Amino acid sequence: MGSSLKEKVAIVTGASRGLGKEYAKALAAAGAHVIAADINDCTETISEIKSSEHSAISIKLDVRDQDSCHDMANVAIAEFGKIDILINNAALYGSLSTGRFDKLDENDWNDCMDVNVNGIWRCSKAVINSMKENKSGSIINISSLAALAGLPYALHYSTSKAAVIGMTRAMARELGKDWIRVNAVGPSAVLTEGTKEFFGEKLEKAAEVIASGQSLKRNLVPEDLVGTILYLASDDSKFVTGQTIMVDGGTVFL
């Protein structure tokens, strides 16, 4: 990337493992002070970042609770004085039950929406005053190929990730006057712990089918997302907002 993230302050939600962990490590390596936030323990993420002598702290976050989201923002400001970047990565995926849309459990549906959609809303509300004060900021929402292609037997997940794209566009319209950019990233199924949990014993077949539908015929790994995240977080994309960038090996074209 041409622009450094040196001294930028970046929050990554869902940073204990998988994509969130990779985003946190990449942002720290690019010079940002990173707040790794998750309902699960982020010790491993922080340890790996600090072993490379980069800057990071962790905080317990429950995106279902607005007070928890505000606590996350307050810790970031107390520690580093501002918030420049928010990566809304926390989501329910691997733990979701699957099945025909008319057979999905209503509690599972509501939990999915509360974390994957409302969680982004809550975290964004928590950081926005700091960004407005600075007249700058980058919010990056993690959507999915499922939002556009449709994931059979996972209507709750597909619907939640489609909502993320709508939220991204509306937030970008509202926040442009404050020079706060809001964009989304839409990955295909990435070979993470969550994907392995979601597909279970069908993983090998699912991965084969997914890769065969791509222009670039191999499955994504977490490192494939890093360049796009760094681009959207940095001033290299300072005039890009309201966009959804698909990182899906060329499955859908917007």
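Does anyone have the angle between helix 203-212 and the longest principal axis of the chain? Alpha-carbon axes, 0 to 90°, nearest 10?
Roughly 80 degrees between the two axes.
Which lysines have a Cα lying under 19 Å from the Cα of K8, excluding residues fewer than 8 positions away in the same chain?
Those lysines meeting the cut-off are K21, K25, K50, K82, K132, K135, K238.
Between L191 and V240, what is the label-to-label distance in nm when each label sits 7 Å out along the Cα-to-Cβ direction?
Output for this residue pair reads 2.6 nm.
Any idea what the dipole of the chain comes to, in debye rounded to 20, about its Cα centre with Lys/Arg Cβ at +1 and Asp/Glu Cβ at -1? Could you put the intermediate results ahead of the total?
Working: 26 positive and 32 negative charges, 160 e Å.
That gives a dipole near 760 debye.
Can you give the Kirkwood hydrodynamic radius of the chain from its Cα pairs, in Å with one decimal?
Over the chain, the inverse of the mean reciprocal pair distance is 18.1 Å.
Helix 155-175 against the longest principal axis of the chain: what's the angle in degrees, Cα atoms only, rounded to the nearest 10?
Taking the Cα atoms of the chain, the angle to 155-175 is about 30 degrees.
Using alpha-carbon positions, what is the distance between the centroids of region 106-123 and region 50-82, in Å?
21 Å
Rounded to the nearest 0.05, what FRET efficiency do D65 and D178 give with R0 = 22 Å and r taken as the Cβ-Cβ distance? Could you check?
Values: r = 26 Å, r/R0 = 1.17.
According to the calculation, E is roughly 0.30.
In nm, to one decimal, how far is the F101 label point from the S51 one, both placed 7 Å along Cα→Cβ?
My value for the distance between the label points is 4.5 nm.
With the cut-off at 20 Å, report for region 171-254 the share of all Cα pairs above it, as a whole percent. Kindly include the intermediate steps, with their values, before the conclusion.
Values: 1534 of 3486 pairs.
Value for region 171-254: 44 percent of Cα pairs lie more than 20 Å apart.
Starting from the Cα-Cα distance between S212 and M113, subtract it from 0.36 nm times their residue separation and give me the gain in nm to one decimal.
Values: separation 99, 0.36 × 99 = 35.64 nm, distance 2.99 nm.
Additional length available on full extension: 32.7 nm.
Can you check what the Kirkwood hydrodynamic radius comes to for region 131-220, Cα pairs only, in Å to one decimal? Intermediate results must be reported in sequence, preceding the final value.
Working: mean 1/r = 0.0680 Å⁻¹.
For region 131-220, the Kirkwood estimate is 14.7 Å.
Can you compute the modelled spin-label distance between V221 and N134, with each label point 7 Å from Cα toward Cβ, in nm?
If labels sit at V221 and N134, their model points lie 3.2 nm apart.
Report the Cα centroid-to-centroid distance between region 160-190 and region 7-42 in angstrom, as an integer.
Each part's Cα centre sits 19 Å from the other's.
With bins 5 Å wide starting at 0, give me the P(r) of region 15-144 over every alpha carbon pair, in whole percents.
With 5 Å bins starting at 0, P(r) equals 2, 11, 19, 23, 19, 12, 7, 4, 2, 1, 0.
Report the residues of region 28-57 in range of a label on K6: point 7 Å along Cα→C-beta, backbone N strictly under 16 Å from it.
28-33, 54-55
Could the peptides 12-25, 85-98, 105-118, 54-67 be put in order, highest first, of the mean number of other beta-carbon atoms found within 10 Å of their residues?
Values: 12-25: 26.9, 85-98: 22.9, 105-118: 16.7, 54-67: 18.4.
Final packing ranking: 12-25, 85-98, 54-67, 105-118.
To the nearest 10 degrees, how steep is helix 18-29 against the longest Cα principal axis of the chain, on a 0 to 90 scale?
The angle comes out at about 30 degrees.
Where a number appears in this text, it was derived from the coordinates with a stated rule and is not lab data. Here the structure is a predicted model, which is why all the values come from computation and not from measurement. All Cβ positions, glycine included, derive from the backbone under ideal geometry; neighbour counts span all protein chains shown.
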